[in-house]
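Working notes for the structure below.
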Amino acid sequence: MITFNDKEQNEKLSEIRNLEEEDLAQILSQKYKIPYLNLLGIPVNANALLIIPEEKARKGSIAIFDVAGKNLNVAIMSPEKEETIFIIKELRESGYKPNLFIVSQNSLKKVWNRYKELSFGKIAEVGILDISNKDIENFISETKTINEVKNLINKTVSLEKNKRVTQIIEVILAGGLVLDASDVHIEPEESTVKIRIRLDGVLINIANLDLETYKLLLSRIKLLSGLKISRIKNAQDGRFSIRVGKTEIEIRTSTLPSEHGESVVLRILNPETISIPLEKLGMDKFLLDIMENEIKKPNGIILNTGPTGSGKTTTLYALLKKIYTSDIKIITIEDPIEYHIDGITQTQANEKEGYTFAKGLISSLRQDPDVIMVGEIRDKETAETVIHASLTGHLVLSTLHTNTAAGTFPRLVDLGIKAQMLSSAINLTMAQRLVRKLCQSCKKRVPADAMVVEIIKKVLEEIKEKDPKRKISSWENNSVYVSVGCDECSQTGYKGRIGVFEAILVDENVENIVRKNPSEREIEKYSSKQKILTMRQDGIIKVLEGITDMNELRRVIEI
């Protein structure tokens, strides 16, 4: 019996078609004596896209991928197409000097896909570079643990100078992808340079570089990220992307002057890490049911709070995906756009250019959306606009920097919002943290010490008093799970992260107390009847279930 792998066959056919397209573009290049270009490895200047709209570019089979003053780099498929000729003529009449390149359909699509980042906002002037490197795929297939990543990086560092600089950035990023790291830190010191990765929220040393290699590496990163190499006394932000198989992974670059050189952070925005469904975030079933009910409402505000890196954006994206259907319009205003979501209009705030969250929100309201996500409420203007949007028939999702769900109300009052307005506009406030999950291959159960026993018993009593009918996992012999460490978890004892949550519904009791501008403690008292667990209680239950341990819970919340 012969079986066919349709997916594999389709991928091979697609690859063949792509090669044929590039061959055809090269033939046309020779015919018309116009340079050929493959845009896969060429930066796209987002400001160049603003010169002609997407619809016009697609209709004319044309793409402007770079601009410097009045000089344009313009990609076309054929100089004989009527629409193409017309657009080029218009550009010249407007004073532009277009430099033409023959490209394939795939190259044009690559540039056109960048339009989705523009929406109504302006894009920061940074480079976007795609690296299609088979070596990255090989590195990923060869390495699985932290030690293997360290060995591979050290091996690359020991290569000849001219070889290692071209490879080391790819090896470091490949290592980050293998280990599901969120970012890579390159930190110069007096005599060495540390390379660290943030794994499940914790920084881990993976290599040291000599200063000479660091300087060459820094220039390479700046070049890739569209940063100015000569600027060393100011912070800069940029980005580039790498393609692994069919997945494009964006890397956000941040440089910061320090005592011994420029500190660099490369944030890895892997789309696979954001595609977590709402049900898998770690919400208690009782809270999950409440959330699913709240996102069905046509208007109001859902606010998620917590410090940087607590998973707020991931939760909001999960909510948006749960809400989205083809018959509603969703718009997001973000800074920056971290992940692209199909079917949702995303716009990027740029405060340097005057395109703030508040202005983005005002612009988005003119687009007749049903649901709006505002990346963060930072000031009074944004807060007032969010409240106005919710009161005029929109469901608004946003974030705020406070420590608890109850702290949302005093924080917004501090920003200048009247307490009476809050009770009418807000549907639900939530707070969250991320804790590392125990490695299921090596965790072990041990007797809990007296202090831990006392804390757990006290919390269980609180939960029982709050909701006598709640079913809680039995606690066996006053014992708890702890981390150990094995090859599966790279000897850390932990693998992956999960959220601990709390929330407050704005019901009649909470609404009445909020109007009196109460303290955080008073709000917590009036909301306790809602039977929703606090982060402390949610965390303790996760400890009893062996999902995390007490040491990790202590690291992120006060217990």
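The values are calculated or read from the model by the stated rules, or taken from the named source; none is laboratory data. For clarity, every value in this text was computed on a predicted model and none was experimentally measured. Neighbour counts are summed over all protein chains in view; Cβ atoms, including those assigned to glycine, are modelled from backbone coordinates with ideal geometry. Note: areas computed on protein heavy atoms with side chains; ligands, DNA, RNA excluded. Shrake-Rupley method; radii C 1.70, N 1.55, O 1.52, S 1.80 Å.
Annotations
- Estimated at the nearest 10 Å², the accessible area of His260 is 80 Å² with a 1.4 Å probe.
- Each of His185, His388, His340 has its accessible area taken with a 1.4 Å probe; listed largest first, they run His388, His340, His185.
- Set of aspartates and glutamates with alpha-carbon distance to Lys531 below 12 Å, sequence-local pairs under 8 removed: Asp284, Glu462, Glu465, Asp467, Glu502
- Inverting the pair-averaged 1/r between distinct Cα atoms of segment 336-417 gives 13.5 Å as its Kirkwood hydrodynamic radius.
- Surface accessible to a 1.4 Å probe, Thr192 within the full protein complex, Å²: 40
- Cα convex hull of segment 288-358, projected area averaged across orientations, nm²: 5.8
- Straight-line reach from Lys81: taking Cα to Cα under 17 Å and skipping same-chain neighbours fewer than 8 places apart, the aspartates and glutamates in range are Glu55, Glu90.
- Calculated P(r) of segment 229-271 - Cα pairs past 13 Å, %: 57
- Considering helices alone, the calculated mean residue ellipticity of the chain at 222 nm is -12000 deg cm²/dmol, with DSSP H runs of length four and up weighted by -39500 (n - 2.57) and normalised per residue.
- For the chain, the share of accessible area belonging to carbon and sulfur comes to 48 percent (1.4 Å probe, ligands and nucleic acids excluded).
- For segment 228-365, the tally of Lys pairs with Cα-Cα distances below 18 Å comes to 15, considering only residues 8 or more apart or on different chains.
- Accessible area expressed per residue, the chain, with surrounding protein chains retained (probe 1.4 Å, Å²): 49
- Viscosity 1.002 mPa s, temperature 20 °C, Stokes-Einstein D of segment 494-557 from Kirkwood C-alpha radius, µm²/s: 161
- Segment 268-406: C-alpha gyration tensor shape, a/c 1.5 cut-off, then a/b vs b/c: rounded
- Positive end of the dipole of segment 250-372 (Cβ unit charges, origin at the Cα centre): among Ile362, Pro277, Ile337, the Cα lying farthest that way belongs to Ile362.
- Inverting the pair-averaged 1/r between distinct Cα atoms of segment 19-59 gives 12.2 Å as its Kirkwood hydrodynamic radius.
- Ordered from longest to shortest, the equivalent ellipsoid semi-axes for segment 419-559 are 34, 17, 11 Å, each the square root of 5 times a Cα gyration tensor eigenvalue.
- Using only alpha-carbon positions in segment 170-244, the gyration tensor eigenvalues give semi-axes of 20, 17, 11 Å once each is multiplied by 5 and square-rooted (largest first).
- Along its principal axes, segment 72-121 has C-alpha extents of 27, 25, 17 angstrom, given from the largest down.
- P(r) tail for the chain: Cα pairs beyond 42 Å make up 31% of the total.
- A protection proxy built from the mean count of other Cβ atoms within 10 Å ranks the segments 421-434, 318-331, most packed first, as 421-434, 318-331.
- Globularity ratio of segment 153-283, using Cα Rg and 2.2 N^0.38 Å: 1.09
- The chain: angle of helix 82-93 to the longest principal axis, Cα-based, in degrees nearest 10: 90
- Sorting Glu522, Glu454 on solvent-accessible area from highest to lowest, probe radius 1.4 Å, gives Glu454, Glu522.
- Taking the chain and dividing mean pair separation by its residue count, relative contact order in percent (alpha carbons under 8 Å, at least six apart): 11
- Distance cut-off 19 Å, percentage of C-alpha pairs in segment 27-91 lying past it: 31
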